[in-house]
1. Would you be able to tell me the number of residues in region 20-58 that are under 9 Å from the mean Cα position of the chain (by Cα) and under 16 Å from A72 (Cβ atoms)?
2. Of V8, V28, which residue is β-branched (V, I, T), over 20 Å from S63 (Cβ atoms) and out of contact with any Leu (no Cβ under 7 Å at 6 or more places or on another chain)?
3. Taking region 1-41 on its own, how many of its residues are buried (at least 16 other Cβ atoms within 10 Å of the Cβ) and not aliphatic (A, V, I, L, M)?
4. Taking the criterion of being basic (K, R) and surrounded by 11 or more Cβ atoms within 10 Å (Cβ to Cβ), would at least one residue in region 61-71 satisfy it?
5. Mind checking which residues of region 48-73 are without any contact (Cβ under 8 Å) to a residue 12 or more places away in the chain and outside any strand (DSSP E or B)?
6. When you scan region 43-73, how many residues do you find that are within 15 Å of V20 (Cβ to Cβ), touching a strand residue (DSSP E or B) at 6+ places or on another chain (Cβ under 7 Å) and hydrophobic (A, V, I, L, M, F, W, C)?
7. What are the residue pairs meeting all of these: first residue in region 11-35, first residue modelled with pLDDT of 95 or more, second residue in a helix (DSSP H, G or I), Cβ atoms under 8 Å, and 6 or more apart or on different chains?
8. Say we look at region 1-19 and pick out the residues that are touching a strand residue (DSSP E or B) at 6+ places or on another chain (Cβ under 8 Å), polar (S, T, N, Q) and outside any strand (DSSP E or B); which of these is farthest from A72 (Cα to Cα)?
Amino acid sequence: MIQELDTVILMQDYHDQGLVKGDMGAVVMVHDGGKAFEVEFVTLAGDPLGVLTLTADEVRPISARDMPHVRAA
């Protein structure tokens, strides 16, 4: 179960927000027992990219087999 402060992976593109599938974010709030989440996205330098309210099917928890990937924001 995804909890506050967990790192999650975005499951779809949000081009209007400058985010793409696979971007990592931090859960800052859990809504309605895990039906939705406030997720903050930042650059590796810590510059904010935005906070999105996402449903449980729009993010997934990180796994031990995930590989980080770098791209310009």
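The values are calculated or read from the model by the stated rules, or taken from the named source; none is laboratory data. Note that the structure is a prediction, hence the values are computed from the model and not measured. Ideal geometry is used to build each Cβ from the backbone, glycine not excepted, and the neighbour counts take in all protein chains shown.
1. The total comes to 4.
2. On the way: V8 fails: over 20 Å from S63 (Cβ atoms).
Result: V28 is the single residue among V8, V28 that is β-branched (V, I, T), over 20 Å from S63 (Cβ atoms) and out of contact with any Leu (no Cβ under 7 Å at 6 or more places or on another chain).
3. Counting residues in region 1-41 that are buried (at least 16 other Cβ atoms within 10 Å of the Cβ) and not aliphatic (A, V, I, L, M) gives 7.
4. Residues of region 61-71 basic (K, R): 65, 71.
If we keep only those that are surrounded by 11 or more Cβ atoms within 10 Å (Cβ to Cβ) as well, we get none.
No: zero hits.
5. Step one: of region 48-73, the residues without any contact (Cβ under 8 Å) to a residue 12 or more places away in the chain are 48, 63-65, 67, 72.
Answer for region 48-73, where residues must be without any contact (Cβ under 8 Å) to a residue 12 or more places away in the chain and outside any strand (DSSP E or B): S63, A64, R65, M67, A72.
6. So the count comes out to 5.
7. Note: pairs meeting the criteria are M11/D57; M11/E58; Q12/E58; G34/A56; K35/A56.
8. At the first step, the residues of region 1-19 found to be touching a strand residue (DSSP E or B) at 6+ places or on another chain (Cβ under 8 Å) are 2-11, 13-14, 17-19.
Narrowing the set further to residues that are polar (S, T, N, Q) leaves 3, 7, 17.
Checking which are outside any strand (DSSP E or B) leaves us with 3, 17.
Working: Q3: 28, Q17: 14 Å.
Among residues in region 1-19 that are touching a strand residue (DSSP E or B) at 6+ places or on another chain (Cβ under 8 Å), polar (S, T, N, Q) and outside any strand (DSSP E or B), the one farthest from A72 (Cα to Cα) is Q3.
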